1. In the range B:39-55, is there at least one residue being touching a residue at least 12 places away in the same chain (Cβ under 8 Å), more than 20 Å from B:Gly129 (Cα to Cα) and either touching a helix residue (DSSP H, G or I) at 6+ places or on another chain (Cβ under 9 Å) or facing another protein chain (nearest Cβ under 8 Å) (or both)?
2. Under 7 Å between Cβ atoms, which residue pairs at least 6 apart in sequence (or on different chains) link something in the range A:120-146 that is of a type in the set (A, V, I, L, M) with a partner that is surrounded by 13 or more Cβ atoms within 10 Å (Cβ to Cβ) and at pLDDT below 85?
3. Which residue out of B:Trp31, B:Trp49 is touching a strand residue (DSSP E or B) at 6+ places or on another chain (Cβ under 7 Å) and surrounded by fewer than 17 Cβ atoms within 10 Å (Cβ to Cβ)?
4. Would you confirm whether or not the range A:35-47 contains a residue that is farther than 30 Å from B:Thr35 by Cα and more than 8 Å from chain B (Cβ to nearest Cβ)?
5. Given the condition within 14 Å of another protein chain (Cβ to nearest Cβ) and in contact (Cβ under 8 Å) with a residue 24 or more places away in the chain, answer yes or no: does some residue in the range B:79-97 qualify?
6. Residues being assigned to a helix (DSSP H, G or I) and closer than 29 Å to A:Leu113 by Cα: count how many of those fall in the range B:87-138.
7. Going residue by residue through the range B:24-34, is there one that turns out to be in contact (Cβ under 8 Å) with a residue 24 or more places away in the chain and out of contact with any Lys or Arg (no Cβ under 6 Å at 6 or more places or on another chain)?
8. Please specify each residue of the range B:6-29 satisfying the condition of being of a type outside the set (A, V, I, L, M, F, W, C), out of contact with any Phe, Trp or Tyr (no Cβ under 6 Å at 6 or more places or on another chain) and facing chain A (nearest Cβ under 7 Å).
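The values are calculated or read from the model by the stated rules, or taken from the named source; none is laboratory data. Bear in mind that the values here come from a model prediction, so they are computed numbers and not experimental data. A quick note on method: Cβ atoms are made from the backbone with ideal geometry, for glycine too, and the neighbour counts reach across all protein chains shown.
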Amino acid sequence: MEERRVISAWRKAPWTNFRKLGRVLVRIALVALFVFAGATKAYDPGAFAIEIQRYQIVPWMMGALVSVYLPWLEMLAGALLLLKRFERGALLVITLLLLVFTVALASAMFRGLSIDCGCFGKAFSATGTTFPLVRNLVLLVFTGILWMEYR
Amino acid sequence: MRALRQASLILLVALIPASLTATFHPRRPPWSEETLLPGEVRIQTVLAWGQDVQWIDARSAKEYEVEHVPGAILLNLENWDQLFPQFLDQWNTEKKVVVYCSSTACELSHEVAERLQKDGVSPAYVLKGGWEAWKSEE
């Protein structure tokens, strides 16, 4: 019986390791993206406020408030995803942010706005909402992979 | 519940650097939409300049053909190589260059003004509120 268990575990080992590696890579990708995205926007919140305005969703004042708050939230949540103590909370914040960004991008796309996503401030400027939307959906899948750890 | 508690804490802690940014950051946004960004001018100021203005329309050719400020020259980044020489042929260097696009939310006018200044046309002003500001004053 013991032998069977050992053999079974040995057979599963490569797959388990592969899954573990996958989760590590997904976590690193989310951390890197969110910290970088937050940093580039924190560098020039004035420019970010203009990017928010282009979505034509919120009034200027609210966009200005978001432009000074959101970058720090992204950086903090991204960094805390590395710490066991805060990873669930950080993952929840990241998931919610991705949902909000996805809805905003989809809304802009639906209204035919030809705008820069504003996702990385002025670091990467590119007009168009399709690629950022697809990227966000991929990132949401990543968060789903990490949430599965807590099942 | 743990995730919610942690998330709430993260949301609260992020307020600290955000408050500092809002107060001290050199590139913080203006809190009122009425505040002019660098290079911007209000429609009233431009109208006060009278005939000494060369309008530049940074919108698409389609929008330009529908309607534009009388005397405006079409110059957008999409067709820069073709349109910029045409602009130079028509430009009177005595006139102040003012660039507009569709509205405040449009960034194209700033990009065109920046490009003009890089290519030696300086100063190039940006109309605050763009085409919408012009129409409201008309």
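1. no
2. Matching pairs, first to second residue: A:Ala126/A:Asp116.
3. Going through B:Trp31, B:Trp49 in turn, the sole match is B:Trp49.
4. Yes - at least one qualifying residue is present in the range A:35-47.
5. Among the residues of the range B:79-97, not one is within 14 Å of another protein chain (Cβ to nearest Cβ) and in contact (Cβ under 8 Å) with a residue 24 or more places away in the chain, which makes the answer no.
6. Here the count works out to 20.
7. Yes, some residue in the range B:24-34 is in contact (Cβ under 8 Å) with a residue 24 or more places away in the chain and out of contact with any Lys or Arg (no Cβ under 6 Å at 6 or more places or on another chain).
8. Within the range B:6-29, B:Thr21, B:His25, B:Arg27, B:Arg28, B:Pro29 qualify.
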